[in-house]
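For reference, the structure is listed below as structure tokens.
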Amino acid sequence: MDKKLAVAAIIVIIIIIGGAIAWWYLTKPPAVQPIKIGFHAPLTGFAAADGLSALHGAQLAVQHINAKGGVLGRPLKLIYYDDACDPDEAIAIAHKLIEEDRVVAAISGSYSHPTLAASAIFNESGIPYISAYAVHPEITRDKPYVFRVGLTGVPEGKAMGYVAGLLNATRVAILYMDIPFGTTLAENAKAYIEDVLGGEVIYYEKYELGETDFSTWLTEIKALNPDAILAPAYYSEAAHIVSQAKELGITAPIIGCEGYDSPKFLELAGDAAEGTIIVTDLDRDSPRELVQTFLSDYKNMTGIEADMVGASAYDAVLVLAKAIEAAGSLDPDDIVNALKNLENVEMVTGTLYYFTEQGNACKPMVAQIVREGEFHHYADITDPDIITPPE
Amino acid sequence: MQIGMYYITLLIWILIYAIAVMGLNITMGYAGQVNLGQAAFIGIGAFTSAILTMKFGISFWIALPLSGLISFIAGMLLGAISIRLKYDFLAMTTIGFNFIMVAIFLYYPIFGGSFGLLGVPRPRIFGYKLTGVTYLALVFVIFLICLLVNIWIERSWLGLAFEAIREDEDAAQTLGIDVKKFKVLAFAIGAGMAGIAGSLYAHFSMRVAYSDFTFAKSIELLSMCILGGLGTVYGPIIGTALVIILPEIFRPLRQYRLIMHTLILIILLRFQPQGLLGKGSYLETKIKKWIGGFQK
Amino acid sequence: MSFSIDVFLQLLLNGILMGVIYMIIALGLTMVYGLLRILHIAHAGVYTLGAYIAFSTYVVTHNIFLAIIAASIVCAILGVIIERSLYLPLLDKPAYIPLIISIAVYLLLAEVIAQIWGHYPIGFHVEEIPRESYEIGKVMIGFHQIIFLAVITGFILALWLIINKTKIGLASRAASQDFEMAMAMGENVIKVIDFNFIIGSILAGIGGLLVGIYYAKVFPYMGDIVAYKALVVIVIGGLGSIAGAIIGALILGIAETFLIATLGYLLPREAFAFIIMIILLLFRPQGLFGKVE
Amino acid sequence: MKGSAMLRTENLCKYFGGVRALDGVNIYVEKEEILGIIGPNGAGKTTLFNVISGFYKPTKGHVFYMNKRIDRLPPAKIAKMGISRTFQIVKPFRDLTVLQNVIVACGKDYYFGISFVKSYYRKDIIEKATRILEEVGLSEYKDSPAKVLPIGHLRRLEIARALALDPQILLLDEPTAGMSHKEAVEIMKLVSTLREERGVTIMLVEHNMKVAMELSDRMYVLNYGKIIAEGPPEEIKKNPVVIEAYLGSGYKVG
């Protein structure tokens, strides 16, 4: 075959293809660039259940916002990674989100350890970062770019004590998980009961995260016969505590925290969950449309009932979107200023009154009681002395 | 084009872990003493360095060798405890050591409880703070020093004594090798390197917590070491790089990362238990042939 | 702290129950160790899978006996697959290789289970076993706990009978006394190994089912709680000794319970167990019931 | 005479639970002697070597080497002092080369203190190891890993390693076990040359009576942990107590 002909043919083909690409590229309607929001949560490993719940919550929020036309006329896009609940992973992800994906802002759907690690990077790089439900006080401390929509330990602990007061309990046992979440709640509940209510804490003992057998602790508690048992825990430990307490014949009411706020708690504990009272920020009986839409859409999307973690991640996206809208720009400093000036934002987990100086949400709490296998409204907790995060 | 902090971070992690894995290779690869608790020694080094710099205001440049030294002593202790123990009892004791150290880190307030110590300072040199590329340079220099130590050990009587003990303790004793002393040394040197790695770890991530040094981390270190090939100089380094880089490449498939990671480990150990570069492995044979071809 | 006799008895019962849970895994581990000298951590994965298979069978059929049978069959097969494909070919390799493979298989199984059934713990409530408690004296015991103790006791008796009265059981005992000699016998020893893995894995599967019902939940990482603790138990008992595993498990369960009750929560349970183990090994490097070589 | 012995034991006892593996053993060996120690299975021969070389601490009694007590010293010290041994079941360093196997034994002066930091890959060391390998007839295998050698060669390797320690006394534990007649004869030749050329004292535990009788200048017979006879091979051969002991265990003398 003639070589020259072949070369000519190849050149023609290249020109045709190149022309086609150029034509397609030039006539393509200008795409609306989405606003990129970073997100990380534990999608594998022991914390994956909560991580996936948070991811679904955040994705649902993005869906809802985009359905209403997005933010500043542009859709949101969630860029998410698995941090496996590992702080080192979180640090790597933070760098990746900031430098490779160039996100406008980011949200943590993760626990305290990874969130704390990543918060330093985001703050250093000047990218707004919102923690959905991680409770550690250091996450937001002295970090102007870091915010939190979830509860913090101090108000929640006080609220647990407040609920004990509602039950007229004066002799109280506290059994807590030995992690900062549990310790902070236990300390503040203890202080509230002793200082504000004038009650007595007759038992104060800790256990390790992941414990499944509480019979030893509960046997001792039973012998002391308290009026109520305060047990800050996550849902898995909580389910064991309430069922083993029932099996040991303990009748004192058990007061829990937001860690109980999961359909999994009800499923695992079964009948034993009846009568448990918890402090949380998700009021499933709330007549507000936002709450009811979230609950039903979440269930449609995932097939399971929503929990506090999913709701908090939803709220984090919601609040971020509100702030961007209010700022009217994607400049990080404008967004941070907007966040600082937000007031009375309707969220699924109650109304965000404002962010404190340290970036923590001031919002009401609610006590819920388990009746017939469901959480129901028990009491509102709006006392500013309780709900205001300390600075 | 500027190399992103992301890649620098990745490189720094690889080098830091490679130092600890090299240490593990000395204990396990050369001296044949199973150590399933190497992460605990990284922890000891990391906490030593963090406490010295944060609570006593000691300079990083002094804290770094001290961390190595404290880990070295801890390694001697573990070695001394383990001297009488036979194979599986030794393995179990090192697992136990890891669990116990993690519990101590968690329960003694000086280690900062479950959140550990936050705000470990970055090292400074003539007032210049080492971050990013400069920290990478620091880690690289220390990595090189450890590599040289490793190569030197392999060529010294020390390394020969280690290998003799690995192959047959009784025979080693009859040839004048004080097996107890060298076993303790093998643990101590391995632990010392882990301690150095721990110090670099603490000052890079600027935080230390018990949860970074669990038994699972020890298994990860072990798989790095074995993947590359126990008892070789370069195997552990390659293994470390692979174990850290592969999950990054597969990041979109994160859901299945652990499944792939364990599957690779199982398949490799089943068919190439000597690791990728170990004596008699497929790759080693090929490379030897290739080099041999050149020499001809 | 001193307790009343009621509290003491209740704690003792709690401790025994805790010990029995460790025993379930430790028995299978020690049977495998006795033969192959492999620390079979993947056993905890077999246990987890057993719990899930039983759970799923129960959800579909609502028949607890079918659930037991399904769990036994699946676990027995899985056990033999692990043995044949991973352990037997590696017998001549350094012992850390099967050990690490075993750990990797455990992590793999847990992760695969998490991908299939989800990371969430799932409630496991069985109608046939109502969660009622009886008061005997002042001691509370749950119906599920009575069932649990009865089944495990039955199992240990059956195990004792199989090992001491059947031909293959005796062969298994002989093989664990002198494995090298047994290997020289060839084919038969493979059967004995299969047999040990089948029995041990069935025990693990049913153990998973029982513990799942006991705590009313199954979750992918349920093996963690017992995997390393059971290792401690068999080390304390002297590796490879069945009686040692039973006694070691009870000692650990009771000691833990009373330590928490008297001194409070000083250290995580794992660390506590390992401290006991290391102290014991300092004085008896071969474990409580191990033979001196 | 006993005072001038290279090595002697005094009422040496080693009990394992109720079993008296050694029960009041008094032996001595003189310079450049080849001493044979024979006895039926389980007589305590290997235990005796294990006590002398420091692997076991004696239950009672002492071991003296050049009038110094050595029975509490660790094996490595004893080896360094000039007593080296081989094992009945060979214990090569399987993954090291044959040359490295011997070099390990050349390092006795480096393993103490911290001079182990020096490089072992030195000309004089390699020359020494190579020379010893030539002496035992293994020089052609020096670069192969020890694990590929047949059993006869592994025994030579064991002897080579023991020689590299420059021993005064060489304890050989059944150096011909599991060998063909031809190989055994070669080993015997090697042992006698060693004494002649190196002037090394040799203690020999042997199961094979023929080998022991042929090599030894003098012999002890051990049975149930006790010395039941002593003397030159010709006497031992005729000793009725020895014949009895061996007949009882089904062995023939000579």
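Listing for the model above:
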quantity: Cβ pairs under 7 Å, 6+ apart, first in the stretch A:12-28 and on the phi < 0 side of the Ramachandran plot, second surrounded by 10 or more Cβ atoms within 10 Å (Cβ to Cβ) and modelled with pLDDT under 80; calculated: none
quantity: Looking only at the stretch B:82-94, and only at residues there that are part of a helix (DSSP H, G or I) and facing chain C (nearest Cβ under 7 Å), the one that is modelled with the lowest pLDDT; calculated: B:87
quantity: Exclusive hit being more than 16 Å from the chain's Cα centre (by Cα), within 14 Å of another protein chain (Cβ to nearest Cβ) and aliphatic (A, V, I, L, M), set B:51, B:8, B:14; calculated: B:8
quantity: Those residues of the stretch C:248-272 which are away from chain B (no Cβ under 12 Å), out of contact with any Ser or Thr (no Cβ under 7 Å at 6 or more places or on another chain) and not hydroxyl-bearing (Ser, Thr, Tyr), in sequence order; calculated: C:248, C:249, C:250, C:251, C:252, C:253, C:254, C:255, C:256, C:258, C:259, C:263
quantity: Some residue of the stretch D:115-129 being within 21 Å of the chain's Cα centre (by Cα) and more than 8 Å from chain B (Cβ to nearest Cβ); calculated: yes
quantity: Top-ranked residue of the stretch A:183-237 - restricted to ones that are in a strand (DSSP E or B) and away from chain C (no Cβ under 13 Å), ranked as surrounded by the fewest Cβ atoms within 10 Å (Cβ to Cβ); calculated: A:200
quantity: Output for the stretch A:124-143, where each listed residue is free of Cβ contacts under 8 Å to residues at least 60 places away in the same chain and not aliphatic (A, V, I, L, M); calculated: A:124, A:125, A:129, A:136, A:137, A:138
quantity: Residue check for residue A:261: more than 9 Å from chain C (Cβ to nearest Cβ) and modelled with pLDDT under 90; calculated: yes
quantity: Qualifying position, being acidic (Asp, Glu), part of a helix (DSSP H, G or I) and surrounded by fewer than 20 Cβ atoms within 10 Å (Cβ to Cβ), among D:158, D:214, D:230; calculated: D:214
quantity: Residue check for residue B:199: assigned to a helix (DSSP H, G or I), under 16 Å from residue B:28 (Cβ atoms) and not aliphatic (A, V, I, L, M); calculated: no
quantity: Only one of A:90, A:84, A:106, A:94 that is assigned to a loop (DSSP other than H, G, I, E, B) and assigned by TED's automatic domain parsing to the domain that holds residue A:302; calculated: A:84
quantity: Lone unmet requirement of (1) within 14 Å of chain B (Cβ to nearest Cβ); (2) crowded, with 21+ Cβ neighbours inside 10 Å; (3) more than 17 Å from the chain's Cα centre (by Cα); (4) of a type in the set (Val, Ile, Thr) for residue C:57; calculated: (1)
quantity: Test: residue in the stretch C:76-85 that is hydrophobic (A, V, I, L, M, F, W, C), within 11 Å of chain B (Cβ to nearest Cβ) and not in a helix (DSSP H, G or I); calculated: no
quantity: Residues of the stretch D:75-107 that turn out to be under 21 Å from residue B:32 (Cα atoms) and either in a strand (DSSP E or B) or within 8 Å of chain B (Cβ to nearest Cβ) (or both), as a count; calculated: 14
quantity: Inter-residue pairs, beta-carbon under 9 Å, first more than 11 Å from chain B (Cβ to nearest Cβ) and in the stretch C:25-38, second among the basic types (Lys, Arg), 6+ apart; calculated: C:25/C:229; C:26/C:229; C:34/C:173
quantity: Flag for residue C:112 being closer than 27 Å to residue B:29 by Cα, of a type outside the set (Phe, Trp, Tyr) and at pLDDT 90 or above; calculated: no
quantity: Test: residue in the stretch D:54-67 that is within 10 Å of chain B (Cβ to nearest Cβ), out of contact with any helix residue (DSSP H, G or I) (no Cβ under 8 Å at 6 or more places or on another chain), surrounded by 19 or more Cβ atoms within 10 Å (Cβ to Cβ) and closer than 18 Å to residue D:205 by Cβ; calculated: no
quantity: Single unsatisfied condition, residue C:129 versus (1) more than 9 Å from chain A (Cβ to nearest Cβ); (2) hydrophobic (A, V, I, L, M, F, W, C); (3) over 19 Å from the mean Cα position of the chain (by Cα); (4) crowded, with 21+ Cβ neighbours inside 10 Å; calculated: (4)
quantity: Matching residues, the stretch A:51-89, being in contact (Cβ under 8 Å) with a residue 12 or more places away in the chain, within 10 Å of another protein chain (Cβ to nearest Cβ) and on the phi < 0 side of the Ramachandran plot; calculated: A:51, A:53, A:80, A:81, A:82, A:83, A:86, A:87, A:88, A:89
quantity: Whichever residue in the stretch B:103-132 is closer than 23 Å to residue B:8 by Cβ and within 14 Å of another protein chain (Cβ to nearest Cβ) and, among such residues, is surrounded by the fewest Cβ atoms within 10 Å (Cβ to Cβ); calculated: B:119
quantity: Conditions (1) over 28 Å from residue B:85 (Cβ atoms); (2) touching a residue at least 12 places away in the same chain (Cβ under 8 Å); number of the one not met by residue C:251; calculated: (1)
quantity: Count - residues of the stretch B:133-163 that are within 14 Å of another protein chain (Cβ to nearest Cβ), of a type in the set (S, T, N, Q) and either under 18 Å from the mean Cα position of the chain (by Cα) or in a helix (DSSP H, G or I) (or both); calculated: 1
quantity: Boolean, residue A:162 is in contact with a helix residue (DSSP H, G or I) (Cβ under 8 Å, 6 or more places away or on another chain), more than 24 Å from residue A:327 (Cβ to Cβ) and modelled with pLDDT of 90 or more; calculated: yes
quantity: Residues located in the stretch A:311-334, provided they are buried (at least 23 other Cβ atoms within 10 Å of the Cβ) and more than 13 Å from residue A:107 (Cβ to Cβ); calculated: A:311
quantity: Hey, residue A:59 in the same structural domain as residue A:331 (by TED's automatic domain parsing), out of contact with any Phe, Trp or Tyr (no Cβ under 9 Å at 6 or more places or on another chain) and in a helix (DSSP H, G or I) or not; calculated: no
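Residues are listed down the side, and each one gets a yes or a no for (1) facing chain B (nearest Cβ under 9 Å); (2) farther than 30 Å from residue C:118 by Cα; (3) surrounded by fewer than 18 Cβ atoms within 10 Å (Cβ to Cβ):
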position: C:239; (1), (2), (3): yes, yes, no
position: C:246; (1), (2), (3): no, yes, no
position: C:274; (1), (2), (3): yes, yes, no
position: C:278; (1), (2), (3): yes, yes, no
position: C:283; (1), (2), (3): no, yes, yes
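Residues are listed down the side, and each one gets a yes or a no for (1) at pLDDT below 95; (2) surrounded by fewer than 24 Cβ atoms within 10 Å (Cβ to Cβ); (3) among the acidic types (Asp, Glu):
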| residue | (1), (2), (3) |
| --- | --- |
| B:7 | yes, yes, no |
| B:13 | yes, yes, no |
| B:28 | yes, no, no |
| B:41 | no, no, no |
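The values are calculated or read from the model by the stated rules, or taken from the named source; none is laboratory data. If you're wondering where the values come from, they're calculated on a predicted model, not measured in any experiment. Here the Cβ is made from the backbone with ideal geometry for all residues, glycine too, and neighbour counts use every protein chain on show.
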